[in-house]
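**Q** Take a look at the following structure, please.
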Amino acid sequence: MFDKILIANRGEIAARIIQVLKDRGIGTVAVYSDADADAPHVALADEAVRIGPAPVRESYLNQDAILDAAHGSGAQAIHPGYGLLSENAGFARRCADAGPVFIGPGPAAIEAMGDKAQARATAKAAGVPVVPGSDGPVDDAEAAAIAERIGYPVLVKAAGGGGGIGMQLVKKPGKLERALASCRDRGASSFGNPAVYIEKYIESPRHIEVQVLFDQHGHGVHLFERECTLQRRHQKVVEEAPSPFIEAYAHLREALCGSAVAAARAIGYVNAGTVEYVVGPDGGFYFIEMNTRLQVEHPVTEMITGVDLINWQVDIAAGAKLTLEQSDLRIDGHAIECRIYAEDPDKRFMPQPGTLGAFLPPEGEGIRTDAGYRSGQAVTPYYDPMLAKVIAHGPDRGTATARAQGALEHFVIEGITTNRAFVRSVLAEPAFAAGAFDTGWLERYAKGRG
Ligand code: ADP
């Protein structure tokens, strides 16, 4: 086992990883930018190394500075968290070549899933249903022919994409050429990859994903699904496990989760990963991509399974055998996560940097709050404006919802406008209680509030 691990991240996820490692008696090294010198993750770690100025390019994405900090501090492994360097195959390769150990999959798996056009082909070959569409990157003529065959509306997506960037919905043939051009431009400027591919647009879909965990010895399990349909601008806001939708279909969970294990196995996947699907109103499910890292919303899975994913990530990276068996894993109750952002729902959700007054995360039965901020701290414009995740667990969905609402009500956040009341209002909606929503619901609800 490792004696010391560097955490190449910030905010709530860095704080949470550090806490897990401390509980195990493993030494921790935080890294920080100038904007984060007094952030909680820095205070929590045994050691902390400055890696550069505030902008992420010069600090949290600065591979040389992070590797220097690891070598200088004697850390034997790096946990990348999510975002930032977590899905950077080049960084994983540098770690694989010269150390320290990268806590995550190998560079080949990151690459195989990082090109989304290629990932579709890989999933298809493994027998996983994919959205009807192209088998790889397309030129204009191929795109037109495929769109004609699968029928409009279609989605044009950037092969290197992420965060919905570049994605274009095309409703009729006359608009296709322009969408292809604009998606290529966005792909090239945001990801350095102009390749685009095309998919049928699934109407009124849900976004459901499956957590998998594989060790280095070929043993893997899934930890059931997460419902992540409540999104704004492709940003998840409320996530839950299990999915209220899946329950309505016999055998759907087995088929969905089984196909996620097959997709991961097909690329020799190691460590924690998530296979994402769009699911149609008829229960048809289609692979869209695999995230080769820990997800923001991993706590809902932890709460319903009792499995600590970060603990397993560390053990697996150290070569340990995964001792979980599929037949031992059970769903215990229901969990709901609410992401609390420094943003103003009344000003089109504009980020709200500033300085926090009192910041007192809620506690209570079934409540877990993963926070990356403390009272009096500055929220700068340099990073994602997520302040905390409030996760509520209960024996059933109604109890989990009530607990989440209570926790949001008691979350004291002064000095900065947040989406706390907005999220509470979502949880109080009849559509939420009924589990009756699609990926467009939250956007429509936000607009309709007036
Ligand atoms: P990114 O990697 O850029 O986030 P994804 O492929 O994961 O892009 O898609 C982002 C979101 O777009 C999904 O969560 C889903 O809501 C929606 N989406 C993606 N593909 C389809 C599709 N074929 N039909 C309908 N909605 C889709």
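**Q** For segment 370-409, which residues satisfy the criterion of being at pLDDT below 95 and either touching a helix residue (DSSP H, G or I) at 6+ places or on another chain (Cβ under 6 Å) or more than 20 Å from Ala15 (Cβ to Cβ) (or both)?
**A** The one that is at pLDDT below 95 and either touching a helix residue (DSSP H, G or I) at 6+ places or on another chain (Cβ under 6 Å) or more than 20 Å from Ala15 (Cβ to Cβ) (or both): Gly372.
**Q** Could I ask something else about it? Where residues in segment 5-37 are among the small types (Gly, Ala, Ser) and in a helix (DSSP H, G or I), which of them is farthest from Glu87 (Cα to Cα)? Before the answer, list the steps.
**A** Filtering segment 5-37 for residues among the small types (Gly, Ala, Ser) gives 8, 11, 14-15, 25, 27, 30, 33, 35, 37.
With in a helix (DSSP H, G or I) added as a condition, the list becomes 11, 14-15, 35.
Working: Gly11: 18, Ala14: 16, Ala15: 20, Ala35: 24 Å.
That would be Ala35.
**Q** Could you check how many residues of segment 241-295 are of a type outside the set (A, V, I, L, M, F, W, C), out of contact with any Pro (no Cβ under 7 Å at 6 or more places or on another chain) and under 20 Å from Leu230 (Cα atoms)?
**A** Selection size over segment 241-295: 15.
**Q** Now for a separate question. What helices (runs of 4 or more DSSP H) lie completely within segment 339-450 and have 1 or more residues being of a type in the set (Lys, Arg)? Even if it seems obvious, please write down each step before you answer.
**A** Values: elements: 397-410, 420-427, 430-434, 441-448.
Because the criterion is at least 1 residues that are of a type in the set (Lys, Arg), the helices (runs of 4 or more DSSP H) in segment 339-450 that meet it are 397-410, 420-427, 441-448.
**Q** Moving to a separate point now. So if I check each of Arg50, Arg57, which one is assigned to a helix (DSSP H, G or I) and farther than 25 Å from Trp312 by Cβ? So that I can check it myself, show each step before the final result.
**A** Details: Arg50 fails: assigned to a helix (DSSP H, G or I).
So the residue among Arg50, Arg57 that is assigned to a helix (DSSP H, G or I) and farther than 25 Å from Trp312 by Cβ is Arg57.
**Q** Within segment 27-50, count every residue that is open to solvent by 10 Å² or more (accessible area, probe 1.4 Å) and of a type outside the set (Gly, Ala, Ser). Before you say what the answer is, go through the steps one by one.
**A** Going residue by residue through segment 27-50, those that are open to solvent by 10 Å² or more (accessible area, probe 1.4 Å) are 27, 32, 34-35, 37-38, 40, 42-50.
Checking the rest, the ones that are also of a type outside the set (Gly, Ala, Ser) come to 32, 34, 38, 40, 42, 44, 46-47, 49-50.
Going through segment 27-50 one residue at a time, the tally reaches 10.
**Q** If I go through segment 47-70 residue by residue, how many of them are touching a residue at least 24 places away in the same chain (Cβ under 8 Å) and either closer than 18 Å to Lys4 by Cα or polar (S, T, N, Q) (or both)? Explain how you work it out, then say what you get.
**A** Of the residues in segment 47-70, the ones touching a residue at least 24 places away in the same chain (Cβ under 8 Å) are 47, 49, 54-56, 58-61, 63, 65-67, 69-70.
Right, trim to either closer than 18 Å to Lys4 by Cα or polar (S, T, N, Q) (or both) and you get 47, 49, 59, 63, 65-67, 69-70.
The qualifying residues number 9.
**Q** Specify the residue that is nearest to the ligand (Cβ to nearest atom); the eligible residues are those in segment 173-191 that are open to solvent by 30 Å² or more (accessible area, probe 1.4 Å) and of a type in the set (A, V, I, L, M). Give the derivation first.
**A** Residues of segment 173-191 open to solvent by 30 Å² or more (accessible area, probe 1.4 Å): 173-175, 177-178, 181-182, 184-186, 188-191.
Narrowing further to those that are of a type in the set (A, V, I, L, M): 181, 188.
Details: Ala181: 18, Ala188: 15 Å.
Checked segment 173-191; the qualifying residue nearest to the ligand (Cβ to nearest atom) is Ala188.
**Q** Moving on. Out of the residues in segment 147-172 meeting the condition of being in contact with a Phe, Trp or Tyr (Cβ under 7 Å, 6 or more places away or on another chain) and more than 10 Å from the ligand (Cβ to nearest atom), tell me which one is nearest to Tyr82 (Cα to Cα).
**A** Of segment 147-172, the ones in contact with a Phe, Trp or Tyr (Cβ under 7 Å, 6 or more places away or on another chain) are 153-155, 157-161, 169-172.
Filter again for more than 10 Å from the ligand (Cβ to nearest atom), leaving 159, 170-172.
Details: Ala159: 20, Val170: 31, Lys171: 34, Lys172: 37 Å.
The extreme case among them is Ala159.
**Q** Going by the structure shown, is Pro194 within 30 Å of Ile391 (Cβ to Cβ) and not basic (Lys, Arg)? Full working, then the answer.
**A** Values: within 30 Å of Ile391 (Cβ to Cβ): no; not basic (Lys, Arg): yes.
So Pro194 fails the test.
**Q** Taking the condition surrounded by 14 or more Cβ atoms within 10 Å (Cβ to Cβ) and not hydroxyl-bearing (Ser, Thr, Tyr), does Ala317 pass? Working first, answer last.
**A** On the way: surrounded by 14 or more Cβ atoms within 10 Å (Cβ to Cβ): yes; not hydroxyl-bearing (Ser, Thr, Tyr): yes.
Yes.
**Q** Restricting attention to segment 63-91, and to residues there that are in contact with a Pro (Cβ under 7 Å, 6 or more places away or on another chain) and not hydrophobic (A, V, I, L, M, F, W, C), which single residue is nearest to Ala272 (Cα to Cα)? Steps first, answer last, please.
**A** Within segment 63-91, the first condition is being in contact with a Pro (Cβ under 7 Å, 6 or more places away or on another chain), and the residues that meet it are 70, 75-78, 86, 89.
Next cut, not hydrophobic (A, V, I, L, M, F, W, C) only: 76, 86.
On the way: Gln76: 19, Ser86: 12 Å.
Filtering first and then ranking leaves Ser86.
**Q** Kindly establish whether Gly162 is modelled with pLDDT under 95 and either in contact with a Pro (Cβ under 7 Å, 6 or more places away or on another chain) or aromatic (Phe, Trp, Tyr) (or both). Don't jump to the end; show me each part of the working.
**A** Working: modelled with pLDDT under 95: yes; either in contact with a Pro (Cβ under 7 Å, 6 or more places away or on another chain) or aromatic (Phe, Trp, Tyr) (or both): no.
For Gly162, the condition - modelled with pLDDT under 95 and either in contact with a Pro (Cβ under 7 Å, 6 or more places away or on another chain) or aromatic (Phe, Trp, Tyr) (or both) - is not met.
**Q** Now, a different point. How many of the residues making up segment 192-234 are crowded, with 24+ Cβ neighbours inside 10 Å, more than 11 Å from the ligand (Cβ to nearest atom) and acidic (Asp, Glu)?
**A** Final tally of qualifying residues: 2.
**Q** Shifting gears a bit: Can you report the number of residues in segment 388-406 which are in contact (Cβ under 8 Å) with a residue 60 or more places away in the chain and open to solvent by less than 10 Å² (accessible area, probe 1.4 Å)?
**A** Qualifying residue count for the region: 6.
**Q** Can you confirm whether Arg16 is within 23 Å of Ser375 (Cα to Cα) and under 23 Å from the mean Cα position of the chain (by Cα)? So that I can check it myself, show each step before the final result.
**A** On the way: within 23 Å of Ser375 (Cα to Cα): yes; under 23 Å from the mean Cα position of the chain (by Cα): yes.
So Arg16 fits the description; yes.
**Q** Does Gly273 meet the test of being open to solvent by 10 Å² or more (accessible area, probe 1.4 Å), out of contact with any Gly (no Cβ under 8 Å at 6 or more places or on another chain) and of a type in the set (Gly, Ala, Ser)? Quick ask: steps written out before the conclusion?
**A** Values: open to solvent by 10 Å² or more (accessible area, probe 1.4 Å): no; out of contact with any Gly (no Cβ under 8 Å at 6 or more places or on another chain): yes; of a type in the set (Gly, Ala, Ser): yes.
The answer is no for Gly273.
**Q** For segment 250-280: of the residues being at pLDDT below 95 and farther than 21 Å from Leu309 by Cβ, which is nearest to the ligand (Cβ to nearest atom)?
**A** The residue in question is Ala266.
The values are calculated or read from the model by the stated rules, or taken from the named source; none is laboratory data. This is a predicted model, so every value here is computed, not measured. Ideal geometry is used to build each Cβ from the backbone, glycine not excepted, and the neighbour counts take in all protein chains shown. SASA here: full protein model, heavy atoms, side chains in, ligands and nucleic acids out. Shrake-Rupley method; radii C 1.70, N 1.55, O 1.52, S 1.80 Å.
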